[in-house]
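Nothing in this text is a laboratory measurement; each read-out follows from the coordinates by a stated rule. The model shown is predicted, which means the values in this text are computed figures rather than measured ones. In this analysis, Cβ positions are derived from the backbone assuming ideal geometry, glycine residues included, and neighbour counts consider all displayed protein chains.
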Amino acid sequence: MTTAYELLGIGPDATRTQLDDSYAAKRAAYDPARVAGMGEEFERIAAQRRAELAVAYASLRPALAAPPRLDPATERRRDRETICVLLLFAVIALSIPLLRNIAVPERTVAVTGAAAANLAAQPAPDFTLEALDGRLVRLADLKGQVVLVNIWATWCPPCVREIPRLERTYQRYRDQGFVLLGVNTTYQDDRAKVATFARDQGISYPVLLDTTGEVGRSYASSLMPSSFLIDRAGKIVLVRVGEVDEAQLQEQVAALLANAPAAP
C-alpha cells in the first residue's frame with residue numbers, strides 16, 4: 001500500500017514547506033511536456049501520475065497546515081473543501097482515458113482514491129483478521145448490522161486525529177447495531193506499538209491486525225485513513241478517503257440503523 005507520504009517522498013513529520021517543495025518537484029518530474037512525442041501511452045501515464053500526486057497533496061496539505069485542534073465548524077468546513085478537491089482530481093484522472101479515446105491497460109495503477117470510490121454500492125469484500133485481544137473477526141459474520149471499516153496506522157497523523165470522532169460515534173450507536181472495525185495496517189506498523197496506542201487513546205472498538213495488507217488491497221485503499229460504511233445487507237454505501245466528518249458520519253449511521261434488517 002503506497003501512502004500519500006511515500007508518493008510525495010516525505011515523512012509524517014514533514015513541514016508545510018517540505019510538502020510544497022516535494023509536490024512541485026514531483027509534478028515537474030511528471031510534466032507531460034517532457035514525454036511529448038513519445039506516444040500517447042507515456043503522456044497518459046505522466047498525466048495520471050500528476051493526478052495521483054495532486055490527490056495525495058490535497059489530502060496532506062490540510063493536515064500539515066491545520067492546528068492540532070479546530071473548532072467543529074472550522075473542521076467541517078475544512079473537510080468539505082478537502083473532499084471537493086479529492087473528488088475533482090479523481091474525476092479529472094478518470095476522464096483522461098475517455099478524452100484520449102484509449103483503453104487503460106490492466107497494469108496501470110488506478111488514481112489513488114478513485115478505485116476505492118468504485119466500491120460504493122458493491123458488496124463489501126469479506127475478510128477475517130485477528131483482533132488485538134486474539135479473537136478472529138470475520139466481516140461476513142456481521143451482516144445485519146451497520147459496519148464501518150476504518151483503515152489506519154499509528155504513524156498517520158490524520159488517522160490519529162480522527163480516532164476521537166470514531167470513538168464517540170461508536171459509543172453513541174454501538175448498542176443500536178453499529179460495529180466499527182479499526183483495521184490497522186500492521187504489515188507497515190508494529191503490533192506492540194498498536195496495542196499501546198489503542199490503550200492510551202482509549203479505543204474501545206475492535207482493532208484488527210492486517211499483517212499482510214490483504215484488506216487494503218481488496219478495498220483498493222492506498223491513502224489513509226480510508227473508511228467504508230457498510231449497510232445491513234453487507235453493501236458499501238459510502239467511501240471516505242481522508243478524515244471523517246463526525247456530524248455527517250453520525251447522521252449516515254443513524255439513517256442506516258433506522259432501516260430494519262432484511263428478512264433472512
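Tabulated data
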{"quantity": "Computed label-point distance, nm, for sites Arg199 and Asn259 using a 7 Å Cα→Cβ extension", "calculated": "4.0 nm"}
{"quantity": "Amide hydrogen neighbours beyond the local backbone of Leu208, cut-off 5 Å, H modeled", "calculated": "Gly182, Val183, Asn184"}
{"quantity": "Exposure proxy order (Cβ contacts within 10 Å, fewest to most) of Met224, Met38", "calculated": "Met38, Met224"}
{"quantity": "Built amide H within the under 5 Å cut-off of Ala124, gap 5+", "calculated": "Lys235, Ile236"}
{"quantity": "Phi to ³J(HN,Hα) by Karplus 6.51 cos²θ - 1.76 cosθ + 1.60 over region 209-216, Hz, x for Gly, Pro", "calculated": "10, 8, 7, 10, x, 5, 5, x"}
{"quantity": "Global form of region 114-257, assessed from the alpha-carbon gyration tensor, a/c cut-off 1.5", "calculated": "rounded"}
{"quantity": "Fewest-first ranking of Leu229, Leu132, Leu223, using other Cβ atoms within 10 Å as the exposure measure", "calculated": "Leu132, Leu229, Leu223"}
{"quantity": "More than 20 Å apart - percent of Cα-Cα pairs taken over region 132-187", "calculated": "30 percent"}
{"quantity": "Added length on full extension, which subtracts the Cα-Cα distance from 0.36 nm per residue, Asp190 to Asp126", "calculated": "20.7 nm"}
